[in-house]
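Heads up: the structure comes next, in structure tokens.
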Amino acid sequence: MSETPIHILIMEDDAGQARLAQRTLERAGYMVEVAGDGDTGLALYASRAYDVLVVDHQMPGKGGLEVLHTLATRGALPPTIMVTGHGDEAIAVEAMKLGAGDYLVKDVDGRYLTLLSTVVARVLYQQRLLEEKQQAEAALQQTLEALETRVRERTAALQQANAQLHAEIAERQRAEAALAQLNRRHTLILDSAGEGIYGIDLQGRTTFINPAAARMLGWEVEALLGQPIQDIVCHTMGDGTPCSYDTCPILASCRDGVVRHVLEDVFWRKDGTHFLVEYVSTPMREHDTLVGAVVLFKDITERKQLEREMQSADRLALVGQLASGLAHEIGTPLNIIAGNAELLGMELHEHRLGTAEVDAIIQHADRITRLIQQLLTFARAKEQPMAALAVQEPLANALCLLEARFKHQGITAIIDVPSELPVIRGRAEQLEQVFLNVLVNAWHAMPGGGTLTIGACVTMDRKVRLRFRDTGMGMSAEVLARVFEPFYTTKGERGTGLGLAICKQIIDSHQGMLQLESTPGVGTTLILEFPQADTTGLPPLPLP
């Protein structure tokens, strides 16, 4: 983007959508003003010049098409983006006929806003190309006219003809230099783009590719030129289904000339791994003839991960609300049931009658009670105050609780936790619960015995790191992907599915990090990291 600020006028009657669009563009470095209807937008446009217009189709008073028609009749239509609703592609086509540079389809969840900055940059780029083309054509026309004049004047005198010949050569050199500079500028723009961009001909062979695309795909630019890109990049769907020439959206744009916007797909790297992408396949035409397509794509792996984390956070919040609302309602009658069951069991035992059914009632009532306590802990994870503490004490307390069970099951615990570790900022009771849950999981993972190694250190970025490594059964990739989901368990009746979800919430509330690595048949490694405490203003360490 040039140093001169780009001024954008948004015409949008939905104040919330307008604010989101304004913030999105301002974060991209643009100067943005908003008009709530078409008449206000026309008045603003008349009062000053804008570089780009973003016009909503449906507005009170003058709608988007009427605004474009009014500006077009004045001969003053700048680069314009028409925003339509889903199913209004005909409106977008009409807008393009009136001179709009591009259009966006407004979706329900506002995802179109993520494309807004890219589309604005594209219409500005198209405008620059158009202006440069017009300038080049004007210069070329001027050159031709000058050449014709010189040819006519050559008949006057040989000396004048020689002078005109030298002038022609100099002018041609300047034109060639200008054209070379224009080509270099286009190459620089292509090389500087952060998104992946490549072009293909009608046979699907790569005609150009920018460094960002080659880098994301793990190839060198030269290695991809002239190659059938479909066989290299998008030969297989994410589920393993082959992607044929007939079903490939990119190649389809070369056949029918239709722009295709794919929100989620997979591209394959040279090393055989794949990543999630969003891409737009735009047909290329030369003299109204299809010659190929241009594909603009970006890696959306991180965005999808954030979306999954947000969904998980929503589920965790719902669990917390459920715990707060139902714990009392379930706990009180459950205590009555368990108490009466114990009394009934005592009476049956006195009469030497079987107590299996009563024992089952008591066992399952205890299980529900533990689940309620976990739910309450989950809901109150952030309510307790924090203090400066050493991790050794809650870790030692948790190990002490399981020491006898480890010995009985043949599990050897190797502890390498330095006593001089820095203190962290946290809640001792909650950290003890985290450590206990981790140790219980390791105990369950090694029913035939094994080794549990616990180490601690300070990382390069001054975090306190604890590592728990067991030699147990390990977990598959499918299980590992779901272990932090509330109520997901592989332990059957022994598990509630809340242990690691609660641990994750507690660690997050400590501004820490929890990471799991596991290999089936080899074991599992769990890593915890905590920031060191800034002891200024914190409660003192409790007395022993």
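The values are calculated or read from the model by the stated rules, or taken from the named source; none is laboratory data. Being a predicted model, the structure only gives us computed values, none of them experimental. With ideal geometry, Cβ positions are generated from the backbone for all residues, glycine too; neighbour counts draw on all protein chains shown.
Here are some notes:
- Residues (within 16 Å of His57 (Cβ to Cβ) and at pLDDT 90 or above) located in the stretch 16-35: Ala35
- Members of the stretch 267-308 that are of a type in the set (A, V, I, L, M) and outside any loop (DSSP other than H, G, I, E, B): Leu276, Val277, Val280, Met284, Leu290, Val291, Ala293, Val294, Val295, Leu296, Leu306
- One residue alone among Met96, Met82 is under 20 Å from Asp14 (Cα atoms), at pLDDT below 90 and assigned by TED's automatic domain parsing to the domain that holds Arg174, and that residue is Met82.
- Arg150 of a type in the set (Lys, Arg), touching a helix residue (DSSP H, G or I) at 6+ places or on another chain (Cβ under 6 Å), in the same structural domain as Thr73 (by TED's automatic domain parsing) and assigned to a helix (DSSP H, G or I): yes
- The one condition in (1) modelled with pLDDT under 85; (2) more than 26 Å from Val262 (Cβ to Cβ); (3) surrounded by fewer than 16 Cβ atoms within 10 Å (Cβ to Cβ) that Glu89 fails to fulfil: (2)
- Test: residue in the stretch 130-144 that is crowded, with 17+ Cβ neighbours inside 10 Å and not aromatic (Phe, Trp, Tyr): no
- Residue count for the stretch 438-468, restricted to those that are crowded, with 16+ Cβ neighbours inside 10 Å and under 31 Å from the mean Cα position of the chain (by Cα): 7.
- Answer residue from the stretch 1-33, given it is outside any helix (DSSP H, G or I) and buried (at least 20 other Cβ atoms within 10 Å of the Cβ) and is nearest to the chain's Cα centre (by Cα) among those: Tyr30
- Some residue of the stretch 211-218 being touching a helix residue (DSSP H, G or I) at 6+ places or on another chain (Cβ under 6 Å) and not in a helix (DSSP H, G or I): no
- Looking across the stretch 48-63 at every residue that is buried (at least 18 other Cβ atoms within 10 Å of the Cβ) and farther than 19 Å from Gln127 by Cβ, the one that is farthest from the chain's Cα centre (by Cα) is identified as Lys62.
- Against the conditions (1) modelled with pLDDT of 80 or more; (2) among the aliphatic types (A, V, I, L, M); (3) over 21 Å from Pro520 (Cα atoms), Leu498 satisfies every one except (1).
- Meets criteria (farther than 18 Å from Gln22 by Cβ and in contact with a His (Cβ under 8 Å, 6 or more places away or on another chain)) for Asp51: no
- Lone unmet requirement of (1) over 27 Å from Val262 (Cβ atoms); (2) surrounded by fewer than 20 Cβ atoms within 10 Å (Cβ to Cβ); (3) among the hydroxyl-bearing types (Ser, Thr, Tyr) for Tyr45: (2)
- Taken over the stretch 501-520, the criterion of being closer than 16 Å to Val391 by Cβ and either among the hydrophobic types (A, V, I, L, M, F, W, C) or assigned to a helix (DSSP H, G or I) (or both) is satisfied by Cys503, Ile506, Ile507, Ser509, Met513, Leu514.
- Condition met for Asp191 (among the charged types (D, E, K, R), loosely packed, with under 15 Cβ neighbours inside 10 Å, outside any helix (DSSP H, G or I) and at pLDDT below 85): no
- Residue in the stretch 423-430 that is surrounded by 16 or more Cβ atoms within 10 Å (Cβ to Cβ) and under 22 Å from Gly521 (Cα atoms) present: no
- Selection count, the stretch 214-249, where residues are under 25 Å from the mean Cα position of the chain (by Cα) and modelled with pLDDT of 90 or more: 6
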